[in-house]
1. Can you name the helices of the chain, as whole DSSP H runs, whose Cα span along the helix axis is 18 Å or more and whose Kyte-Doolittle mean is not below 0.5?
2. Which whole-number percent gives the relative contact order of the stretch 64-171, counting Cα pairs below 8 Å spaced six or more residues apart?
3. At a Förster radius of 41 Å, what calculated FRET efficiency corresponds to the Cβ-Cβ distance of V125 and L162, to the nearest 0.05?
4. Pick out, from A34, T139, V61, the residue whose Cα sits farthest towards the positive end of the charge dipole of the stretch 18-147, with +1 on the Cβ of Lys and Arg and -1 on the Cβ of Asp and Glu.
5. Per-residue accessible area for C98 at 1.4 Å probe radius, Å² rounded to 10?
6. Could you work out the relative contact order of the stretch 72-135? I mean the mean sequence separation of Cα pairs under 8 Å and 6+ apart, divided by the number of residues, in percent.
7. Give me the percent of the accessible area of the chain that comes from carbon and sulfur atoms, probe 1.4 Å, all protein chains in place.
8. Is the C-alpha gyration tensor of the stretch 33-106 telling us rounded, prolate or oblate? Criteria: a/c under 1.5 is rounded; beyond that, a/b larger than b/c is prolate, otherwise oblate.
Amino acid sequence: MNRRDIADLAGGVGLGAWTAFGLLTMIVIGRAGAPLAQDDQVLAWSLHHRPDELMALARGVTATGTGAIPYLLVVLAGLLVARTAWQRLTAATLGLLCLTAGQALRYGVMHLVQRPRPPHAAWAVHASGWAFPSGHTATAALTALLVILAIRLRAPRGRNVLTGVVAAWGLAVGLTRAALAVHWCTDVLGGWLFAIGWGGLCLCAASWWLPERLIPRPANTSPKPGEDRAPQDPGR
């Protein structure tokens, strides 16, 4: 796919996710933050399915969706995705910019909507702040999208397996937020839609405006003449 095709695809997917996210946000606001029927059903199910082993695993997984881990993964993906030093620096910087700007935008939406969390007595882990959209979910999903992009570009083989593992992690963090009863299931859905929408917008913008020399190419393509070539044998 060329740059225009990538921009069109990313923009289309992002726009679709933003539209769905906007509709969901309007529904939540229209109900003054009250849970939907699906929210109550998922909460009731989680309260009746809480073996100690599962809760311990859920707490461990959910902890990876916040703090330094997502940022370290994005920087590592940026450093590994490119061939040249400038490409690596650009990829890592743009990845961090995408993640931090997304966080700022998400905080703005959270304070605008101000949706309360499920009842405190149901929580199986500490939580703070408003509920919609889920912060852990959005952070992990956006991180997963950026890491998957790097994998698809640079992994020489095994990329499908790696993509599946990273995608499963991004989904699992969101699911643990509902299982631990610190978010309604629509908060989690909102986090996923937010991440897809913002990630698509960032990829679309990068595809349109990033200079060609700073764009990493897939691992199975050869460098252009004069770019990142191996040194010539002095004996030739």
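1. Passing helices, by number: 3-30, 68-81, 85-113, 135-154, 159-179, 185-209.
2. RCO, the stretch 64-171: 31 percent.
3. 0.90
4. Farthest along the dipole direction, towards plus: T139.
5. 10
6. Contact order relative to length: 25 percent.
7. C and S atoms contribute 69 percent here.
8. Values: a/c = 4.31, a/b = 2.16, b/c = 2.00.
Because a/c hits 1.5 or more and a/b exceeds b/c, the stretch 33-106 counts as prolate.
The values are calculated or read from the model by the stated rules, or taken from the named source; none is laboratory data. The structure presented is a predicted model; accordingly, all values stated were derived computationally and were not measured. Virtual Cβ from ideal backbone geometry, glycine too; neighbours counted across all protein chains shown. All accessible areas refer to the heavy atoms of the entire protein, side chains included, with ligands and DNA or RNA removed. Shrake-Rupley method; radii C 1.70, N 1.55, O 1.52, S 1.80 Å.
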